[in-house]
Amino acid sequence: MPPIPGSGLAKGLAVTLRTMTRKTVTEQYPDAQPELPPRTRGVIGLFEENCTVCMLCARECPDWCIYIDSHKETVPAANPGGRERSRNVLDRFAIDFSLCMYCGICIEVCPFDALFWSPEFEYAETDIRDLTHERDKLREWMWTVPAPPALDAAAEEPKEIAAARKTAEKLAAAQAEPQQEES
Ligand code: SF4
Ligand code: SF4
């Protein structure tokens, strides 16, 4: 059957009218900041106190854009007659965000919770070299990392918290002992 003359125009007008009455979805950025979901991948923050320089993140990064330098330091024995230990000391930790593809592998593989996603995304630069963020800048991003979601009320206590509580109780008991002896 041949199309009714003008039906195409009527259809087009119907679409226009429908769209005109819908709520607009245009984000007025940068005048209005977007409401980002909590797990947004904006930039990576480094909590360097947790980093043991194990190099896992740098090795697993598909883009090879994590640069780590370190040196070894000897730690004296904890007890007399004990053995000295050596530990890695971080000299440089940098991420080149001009290469990073925001896959999150580095954060997933870090065994010591030293890397975190921050939703901050406004760090465009006019010089590409400035997109390599050194450890101080990566630390600054840490203050923009949102707090983790609360645990499920029925969830088992994480073993890290249980271990920390045990250590704190032991320390408190050790501190209380001399006070009891004095009194
Ligand atoms: S998010 Fe992916 S590409 Fe970016 S630094 Fe981490 S592992 Fe490398
Ligand atoms: S994987 Fe974690 S602990 Fe290991 S070097 Fe990377 S940030 Fe540091």
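Look at Arg18 and say whether it is of a type in the set (Lys, Arg), within 26 Å of Gly104 (Cα to Cα), part of a helix (DSSP H, G or I) and free of Cβ contacts under 8 Å to residues at least 12 places away in the same chain. It is false that Arg18 is of a type in the set (Lys, Arg), within 26 Å of Gly104 (Cα to Cα), part of a helix (DSSP H, G or I) and free of Cβ contacts under 8 Å to residues at least 12 places away in the same chain.
Tell me, please, whether a residue that is of a type in the set (A, V, I, L, M), farther than 17 Å from Cys51 by Cβ and over 16 Å from the mean Cα position of the chain (by Cα) can be found in the range 100-122. No; the residues of the range 100-122 include none that is of a type in the set (A, V, I, L, M), farther than 17 Å from Cys51 by Cβ and over 16 Å from the mean Cα position of the chain (by Cα).
Note on the range 133-153: residues that are away from ligand 1 (no atom under 16 Å from the Cβ) and aromatic (Phe, Trp, Tyr) amount to 1.
Listed by first and then second residue, the pairs linking a residue in the range 47-67 that is polar (S, T, N, Q) to a residue that is surrounded by fewer than 16 Cβ atoms within 10 Å (Cβ to Cβ), with Cβ atoms under 6 Å apart and 6 or more places separating them unless they lie on different chains, are Asn50/Phe112; Asn50/Asp113; Thr52/Phe112. All conditions but one from (1) loosely packed, with under 10 Cβ neighbours inside 10 Å; (2) modelled with pLDDT of 90 or more apply to Glu156; the one that does not is (2). Restricting attention to the range 88-132 and to residues that are part of a strand (DSSP E or B) and surrounded by fewer than 12 Cβ atoms within 10 Å (Cβ to Cβ), the residue that is farthest from ligand 1 (Cβ to nearest atom) turns out to be Val89. Exactly one residue out of Pro30, Pro38, Pro34 is farther than 29 Å from Glu108 by Cα and either of a type outside the set (Phe, Trp, Tyr) or in contact with a strand residue (DSSP E or B) (Cβ under 6 Å, 6 or more places away or on another chain) (or both): that is Pro30. Assess whether Val75 counts as being modelled with pLDDT under 95, among the β-branched types (Val, Ile, Thr), in contact with a strand residue (DSSP E or B) (Cβ under 9 Å, 6 or more places away or on another chain) and more than 25 Å from Pro146 (Cα to Cα). In short, yes.
Taking the numbered list (1) away from ligand 1 (no atom under 11 Å from the Cβ); (2) surrounded by fewer than 12 Cβ atoms within 10 Å (Cβ to Cβ); (3) among the hydrophobic types (A, V, I, L, M, F, W, C) in turn, Trp64 passes all entries but (1).
The values are calculated or read from the model by the stated rules, or taken from the named source; none is laboratory data. Being a predicted model, the structure only gives us computed values, none of them experimental. When we count neighbours, we look across all protein chains shown, and the Cβ atoms used for this are built from the backbone with ideal geometry, even at glycine.
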